[in-house]
Structure formats: structure tokens, C-alpha cells
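> Got a structure here, written out as C-alpha cells. Questions coming.
Just so it is clear, none of the values below were taken in a lab; they were calculated from the coordinates. Remember, it's a predicted structure, so these values are computed and weren't measured experimentally. Here the Cβ positions follow ideal geometry from the backbone for every residue, glycine too, while neighbour counts run over all protein chains shown.
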């Protein structure tokens, strides 16, 4: 009987030991699991912290790059008239000789009739993606409506040039004096948008081009008056016909391929509100020109 009691006690103690061991194992497993969770969470927080820090640094770098670009623009613009009179005259000469460059193959992307909320931001996004700087020949009435887009164009290193205020031929070409009035009115809107009273583009693009048509005589007189004031004017020698009937990407690219024939190219495109196809095709345009060996420049490259 005594043996049975002792045997029962031993068995009971054995079971208790097993229970204690199981409890210890469970506690150990829970501790390990918690340790893993805490460590993983710590690593995740550390990784997240690094990501946040990386994004913050990237934003800081981009901000510094934008500030540096604006600084370079301001340095090149000088007092808004490309510096002193001699530099201003040299700029006009450089624009006039733009097709005679001997530095290899270069292309100037130019966009007329903007800015517009529907198209210009998409064009700017694409240009930014490929690090391409363009020249925007803006309309004064659209600058008045979209000053923030002018500021973005300038901030991102694009050249802001003048394409008249109204783009209404009968109004612009009423006289050579009317051409200058439209030019000056647009310059005022650009200054106001940029918050820089000294800014002056010193570059005009005649709506419809600087020669030909029923207003040819007025244009010829206006050109002489612009030259007398050391204001350059510029047409183009290649185009996509995005404002002249090209209503598919294929047609735009065909026109591009047929007109990009020289080492020095000034390419005409548009960023008016209805030119959605222009930004949809812009990547293909840029890739085509890159494949052909062209480097991209804008009017800042012509400032001494």
C-alpha cells in the first residue's frame, strides 16, 4: 500500500515536471516570437526611416536643382535684357545665325500658343522626364490666365519668349506699331507672372511666320523696328504640323521625319488647349531626335 502511494507521488511529480517544462517551453517560444516581432518591427521602422530620409533628401536635391537652375537663368538673363547692350546685340545676332551653328547636330524644341492647363503641364512633365529644355513662345492673354505655368516653365529651365498677345492677325498686323504693342503687352504679362519687372525675352515669333501672306509688308516694317530695338525674331525650319491638319501620331511623326533635314533644327509645335495629340506624341518625337544624334538646346544656349 505504501509502495502504491509512493509510486503515485512519483508519477504526480513527473507530470508536474512535464507541465512545468511545457510551460517553460511555451514561455520561451512566446519570448522568442515577441523578440522576432519586435526586431522585425524595428527593422521595418528603420527601413521606413531610411526611405523617408531618402525621399526627403531627394526632394531637397530637386529643390536645390530648381533653385540652381533659376539662378543660372537669372545670371544669363542679367538684368532681363541679356545683360548690357553688347550682349543684347550678340543675342540677336546668335538668333539670326541659329541655322549656321557648327557644333554638330542640335535641335531647338519650340511650343507656340500656350500656356494651357490642358496641355502645357503634360508637355513639361515629358520634357522633365527626358531632361530636355525647350523654348515656349507664349501668348499674353494665356499668360494672364495661367501665370503659374509660366513660373513653372521658367523654374524648370525653359526659355519664355513672345508670340503676341492676341494671335488675331487682323489686330496684330493692322500696322507695324500694332505688332510692337502686342509684343510689349505680352512682355508685361510675362514680367507680372514671374514677379520680375526686369525680365525681357528679347525674342518674338510672328503669328503665321515672319514672311509672306497678305500682311507681308507690315511684317517687313515690324521686323526693322524690332531690329532697331535689339529684339530678335525667329521662325522654324521643321514642324510636326500639329496645328495644320496632322490628326494622328503617325502623321505627326511622318511630318517630323520629312522636315528634320538639317544639323541645326528649330522645330515648331504647339501647347494650345486642343493640342492633346502633341503631348501624347512628344516622347516619340524626343526619342526619334535622340536616335538621329541631336542634342537639345534652348535660347539660353544662345546668350553670351
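> Among 101-111, 128-138, how do they line up from the highest to the lowest mean number of other beta-carbon atoms within 10 Å? Don't jump to the answer; show the numbers that get you there.
Numbers: 101-111: 18.7, 128-138: 20.4.
Highest-to-lowest ranking by the protection proxy: 128-138, 101-111.
> Can you tell me the length gained on complete extension of the stretch residue 25 to residue 237, counting 0.36 nm per residue apart and subtracting the Cα distance?
68.0 nm
> Under the rule a/c < 1.5 gives rounded, and otherwise a/b versus b/c splits prolate from oblate, where does the stretch 85-302 land using the Cα gyration tensor? Display every interim value, and only then the final one.
Numbers: a/c = 1.38, a/b = 1.28, b/c = 1.07.
Rounded, because the longest to shortest axis ratio a/c is under 1.5.
> Under a point spin-label approximation (7 Å from Cα along Cα-to-Cβ), what is the residue 97-residue 196 distance to one decimal in nm?
My value for the distance between the label points is 2.6 nm.
> Please report Rg (one decimal) and Dmax (integer) in Å for the Cα set of the stretch 201-266.
Every Cα atom of the stretch 201-266 included, Rg and Dmax give 14.6, 43 Å.
> Can you tell me the order of 206-216, 156-166 when each peptide is scored by its average per-residue count of other Cβ atoms within 10 angstrom, highest first?
Working: 206-216: 14.8, 156-166: 23.5.
Ranking, from highest mean packing down: 156-166, 206-216.
> Which values, in whole Å and largest first, are the semi-axes of the equivalent ellipsoid of the stretch 138-180 obtained as the square root of 5 times each eigenvalue of the Cα gyration tensor? Display every interim value, and only then the final one.
Details: eigenvalues 123, 22, 7 Å².
Equivalent ellipsoid semi-axes, largest first: 25, 11, 6 Å.
> With r as the distance between the Cβ atoms of residue 180 and residue 145 and R0 = 30 Å, compute the FRET efficiency 1/(1 + (r/R0)^6) and round to 0.05. Let's see the in-between values first.
Values: r = 23 Å, r/R0 = 0.76.
With a Förster radius of 30 Å, E is 0.85.
> What do you get when you divide the Cα radius of gyration of the stretch 108-213 by 2.2 N^0.38 Å, with N the number of residues? It would help to have the intermediate numbers written out before the result.
Numbers: Rg = 13.4 Å, N = 106, 2.2 N^0.38 = 12.9 Å.
Relative to the rule-of-thumb radius for its length, the stretch 108-213 sits at 1.04.
> May I ask for log10 I(q)/I(0) of the stretch 142-270 at q = 0.11, 0.17, 0.19 Å⁻¹, from a Debye sum over the Cα atoms as equal point scatterers with solvent left out?
-0.45, -1.02, -1.18
> To the nearest 0.05, what FRET efficiency results for residue 32 and residue 295 with a Förster distance of 45 Å applied to their C-beta separation?
With R0 = 45 Å, the Cβ-Cβ based efficiency is 0.15.
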